[in-house]
Amino acid sequence: MENVNNKSGGKTVVYVIVAVATFLLMAFLVNKMLQVARPAPVGAERAIARAKDNADIRGAGVEALKSWGFVAEPPTARSQGFVRTPIDEAMQATIKGYQNPAAFRTDLAARAVKAYTTPSFE
């Protein structure tokens, strides 16, 4: 025989609806809480400062490629320092020098030895 008085089926549907509504409400509230309480990305101010510094450094590098100047003295430099030549003039000097490759290599090697030899303390 079939049970005609099935009242528990209606309660189950109500419980399921209430449970789903509770989870949806909880998800909505957690989402809103995250939107309100979310801090700024870590290092946002620093990222802006780094982008500005990067642009400044690149601009200084481009300017250094186009102008004459003295290079900050590295540990291997002599006391008089090194002179920076503009890149266009350096390329033209290299092209001119390689018209006689053997002499250019000999001169370049001699200048490198002179610039990078350590003085002897005798």
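For the reader, a short list of remarks on this structure follows.
- Two-site label geometry, Tyr98 and Thr85: point separation in nm, points 7 Å out along Cα→Cβ: 1.4
- Gain upon complete extension [Ala19, Asn31; 0.36 nm per residue less C-alpha separation]: 2.5 nm
- Spin-label pair Ala110-Ala55: with each label point 7 Å from Cα along the Cα-Cβ axis, the two points sit 4.9 nm from one another.
- Rolling a 1.4 Å probe over the protein chains gives Lys11 an accessible area of about 130 Å².
- Once the C-beta distance of Ser67 and Arg46 is scaled by a Förster radius of 30 Å, the resulting FRET efficiency is 0.45 to the nearest 0.05.
The values are calculated or read from the model by the stated rules, or taken from the named source; none is laboratory data. These numbers were taken from a predicted model, which means no experiment stands behind them. Heads up, the Cβs are rebuilt from the backbone with ideal geometry, glycines too, and the neighbour counts pull from every protein chain shown. Please note that ligands, DNA and RNA were not included when accessible areas were found on the heavy atoms of the full protein model with its side chains. Shrake-Rupley method; radii C 1.70, N 1.55, O 1.52, S 1.80 Å.
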